[in-house]
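The values are calculated or read from the model by the stated rules, or taken from the named source; none is laboratory data. Keep in mind the model is a prediction, meaning the values are calculated, not measured. Please note: Cβ atoms are built from the backbone with ideal geometry, for glycine as well, and neighbour counts cover all protein chains shown. Accessible surface is based on the protein model in full, side chains and every heavy atom, while ligands, DNA and RNA are left aside. Shrake-Rupley method; radii C 1.70, N 1.55, O 1.52, S 1.80 Å.
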Amino acid sequence: MRLITHNMLSSNIKGVTNGFPLRIEAEKVVEKEVDFNPDFLRNMFSKIEWKALTDASKALGYAELPEETEPSMLESELFLRKLHHALLELHLEEGALVCPETGRKFPVNKGIPNMLLHEDEV
Amino acid sequence: MKGVLPSIVTRIDQECSSSKGEPTPEIEKNHVHRVYDAIAPHFSSTRFAKWPKVQAFLNSLLCGSLVLDAGCGNGKYLGLNTNCYFIGCDISSPLVNICAQKGNEVLVADAVNLPYRSGYGDAAISIAVLHHLSTELRRRRAVEELIRVVRTGGSVLVTVWAREQEDRSLISKWTPLSQKYTEDWVGSSSPRTHSDSPSFSLQSIPENDESEPRGDFSDEHTDRTCQQEYLVPWHLPYHRAEVSGTSATALSTGLARKDDKKGAVVYDRYYHVFSEGELERLVSSVDGAIVVDKFYDKSNWCIILKKI
């Protein structure tokens, strides 16, 4: 699971008012290189919840992202490279995503999160 | 938009909002989820042809678009436009594993309750998915989800099997379900035979001649023109079915049957095939999007929406 996906995932358990962001428990993280595409990153930037990304990135062992951002950073290749790395090249292979309200753990195995709810959570 | 809807549809809308969470109907558990889990590798090997209409839709998207495929199956469309970023989800873990093995970004999730925050995607696709949902409520929920997860101005493509099939002889191989049978299934916890339905047998059933239709055919033509609920067989060759695994369990519980003549374990997939205009009525009953295109292609009803 990449952080671009994590930044979108939300706990949809019945009764949960805000299930985003899910807290990451990382057991195995791998890095896989991906082609750098600055236009794509600029398009994604406006959608990203920045604090969720920086927290998640730290959980995966990458603490290089700035805490705050401003639009001019999108012209900085250095910044875009860091964003690229955090968003697309870090993979959570094994671990869990934790609902911020209920503490319920959604498992991540072989890089695949399982977000299916049990019958009583629907 | 709600003001112009007929009153019966408004009532269903009200029920919808109060029953946001409902358990998965048994007919879907037994004749969609468990079937795809059992047939995943074989199913995937037969799903390689890229449908031009879907390809055209994906190629029309702006560079750098984030595309969500809800019910991605074997991931056939993930990454089809190399300028876009795809995230797929499916309810079947075995199918999702197959997607992941090809390097795709995927997760296991339910199309009726997508675990995505709203407005993140640029586009969403639902290719041959909604016809596996057994109630109009669930089909509408799935459409609501597709619209919810894309941004304002984002596009949604939905395709479903049509009741009006180009190859009419195909329908004769399907087993029609009566309305009462479908209602029984939605509530029951185990499969049971119904007087109007075929019984699932543990023994091998000699397959009928290919041209001979199954089911009750005393009034074949008139029965089928209104019929929309079907079980559609999938033949899993013996050499692909695990001897001591899913298929053995399926055979012993009656969810599958053997066809020695074809050398296959036969699973039945549940379908609600859509009648002409039904898909458009369904999406029009959901707020927040307008229809920008609709067409019939290769025995499927298709629609493209834009979130407003």
What percent does the relative contact order of region A:31-98 come to when contacts are Cα pairs within less than 8 Å and at least six residues apart? 46 percent
Once accessible area is computed for A alone, B alone and the pair with a 1.4 Å probe, the total buried surface, to the nearest 100 Å², works out to 2300 Å²
Averaged over A:101-114, number of beta-carbon atoms from partner chains that fall within 10 Å: 3
With θ set to phi - 60°, apply the Karplus curve 6.51 cos²θ - 1.76 cosθ + 1.60 along region B:247-254 and write out the HN-Hα couplings as whole Hz, x wherever there is a Gly or Pro. 5, 4, 5, 4, 5, 6, 8, x
Go ahead and run the numbers for FRET between B:Asp260 and A:Ser72, Cβ-Cβ distance against an R0 of 60 Å, rounding to 0.05. 0.25
Ignoring ligands, DNA and RNA, please state the percent of accessible area on region B:43-154 from carbon and sulfur, probe 1.4 Å. 53 percent
Which stretch or stretches of region B:142-180 have amide N atoms under 12 Å from the point lying 7 Å from B:Asp297's Cα along the Cα→Cβ direction? B:157-160
Give me the percent relative contact order of chain A, please, defined on Cα pairs under 8 angstrom at least 6 residues apart. 38 percent
Once amide H atoms are built 1.01 Å from N in the peptide plane, which residues 5 or more positions from B:Leu177, or in another chain, come under 5 Å H to H? B:Glu229, B:Tyr230, B:Leu231
Can you give me the distance in nm between label points at B:Ala248 and A:Glu94, each placed 7 Å from the Cα along the Cα-to-Cβ direction? 2.8 nm
So which residues in region B:96-120 end up with at least 40 square angstrom less accessible surface once the other protein chains are there, compared with the chain by itself, probe 1.4 angstrom? B:Glu105, B:Leu107, B:Val108, B:Asn113, B:Pro115, B:Arg117, B:Tyr120
Skipping prolines and chain starts, which residues have an amide H placed within reach, meaning under 5 Å, of the one on A:Phe36, given they are 5 or more residues away or on another chain? none
Under a 5 Å amide H to amide H cut-off, with H placed in plane at 1.01 Å, what residues pair with A:Arg104 once short-range neighbours are removed? A:Cys99
Considering only C-alpha atoms, what is the centroid distance from region B:255-308 to region A:48-122, in Å? 34 Å
Efficiency of FRET between B:Tyr238 and B:Gln165 - r from beta-carbon atoms, R0 25 angstrom, step 0.05: 0.30
For peptide A:1-12, compute the average count of partner chain beta-carbon atoms within 10 Å of each residue's beta-carbon. 5
